[in-house]
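Here the structure comes first, spelled out in structure tokens, and everything after it is commentary.
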Amino acid sequence: MPIAVRRDPAEMRAAMIGWLRARMPEGETIDLPLLRVAEGGSSSETLFLDPVITQGGVTREEHWVLRIQATGYQVYQDPSVERQYRVMKAVGIGGRAPVPRMVWMETDPAVLGAPFFVMERVDGIVPHERFELNALNAIAVMVDRGLGVSIVPDYAQPWPEGLQLVRMPLPQPSEPRRIGTVWSRSTVRIRLVTVLLAEARAAMTTKSRV
């Protein structure tokens with residue numbers, strides 16, 4: 001999981017209050033308790049913030065989630081929270097899946113040391129990872145059986161039959177899933193590697209013609 005940057009809670013609270021006041025200049029007062037670290041998740045720093053905002057003589061309490069782009073060890077090659085924000089916002093606009101409402105995106109790292117976004121907090125299941133699967137068909141079957149929720153790429157057929165899953169097109173442009181092969185040039189199996197590469201190129205050429 002990402003290595004969280006050591007942040008002073010009081011300094012982070014002060015930075016977020018100033019940022020919120022700039023975003024909501026009409027707010028008369030903004031009170032923000034210390035941010036709480038959220039359970040689960042391993043791709044970004046995720047915290048809860050619960051500002052109490054007085055606006056037009058009316059006081060309300062918001063329940064938001066703050067997601068900060070990873071700056072240490074990263075799960076993904078591209079840890080962009082801006083891309084996460086755009087995808088979740090597009091899915092929410094499409095109405096095909098329940099997602100939290102995106103509130104704000106901040107690309108300037110000067111505020112917290114890295115880009116971040118704010119979204120509404122929605123009550124639900126907090127996943128606790130017990131094991132990891134890397135077989136897409138197995139993940140799809142488990143989701144179909146009601147054992148969890150996952151987002152996986154829509155890979156080529158054959159899929160297991162009878163699955164009740166939702167397919168959601170990504171907003172364009174989007175990053176394709178890239179698969180590569182790494183081998184040692186001095187491997188004794190270089191002939192097998194050469195055959196594999198030739199078959200893969202032939203398959204991709206045939207697919208591009210269809």
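Bear in mind that the values in this text are calculations on the coordinates, not laboratory data. Computed from a prediction, not measured in an experiment: that's the story for all the values here. Don't worry about glycine lacking a Cβ; one is built from the backbone with ideal geometry, like all the others, and counts go over all protein chains shown.
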**OP:** Under 1.5 on a/c is rounded, so check that first for segment 9-120, then, if it is not, pick prolate when a/b is larger than b/c and oblate when it is not; a ≥ b ≥ c are the square roots of the alpha carbon gyration tensor eigenvalues.
**Re:** oblate
Subject >> Two-site label geometry, D8 and I179: point separation in nm, points 7 Å out along Cα→Cβ >> reply: 5.0 nm
**OP:** Sort out for me the Cα centre separation of segment 138-209 from segment 43-68, rounded to whole Å.
**Re:** 39 Å
**OP:** Just subtract the alpha-carbon distance of I17 and D50 from 0.36 nm times their residue separation and send over the number in nm, one decimal.
**Re:** 10.8 nm
**OP:** Would you please calculate the Kirkwood hydrodynamic radius of segment 131-177 over all C-alpha pairs and express it in Å, rounded to one decimal?
**Re:** 12.0 Å
Original post:
Under a Cβ-Cβ cut-off of 14 Å, what is the net charge of the residues other than A22 that fall near it, where Lys and Arg count +1 and Asp and Glu count -1?
Top reply: -1
**OP:** Can you tell me which of 185-194, 56-65, 100-109 comes out highest on packing, and rank the rest after it, using the mean Cβ neighbours within 10 Å?
**Re:** 100-109, 56-65, 185-194
Subject >> Relative packing of 170-178, 111-119, which averages over residues the other C-beta atoms within 10 Å, highest first >> reply: 111-119, 170-178
**OP:** First measure r as the distance between the Cβ atoms of L136 and A198, then evaluate 1/(1 + (r/R0)^6) with R0 = 30 Å and state the FRET efficiency to the nearest 0.05.
**Re:** 0.75
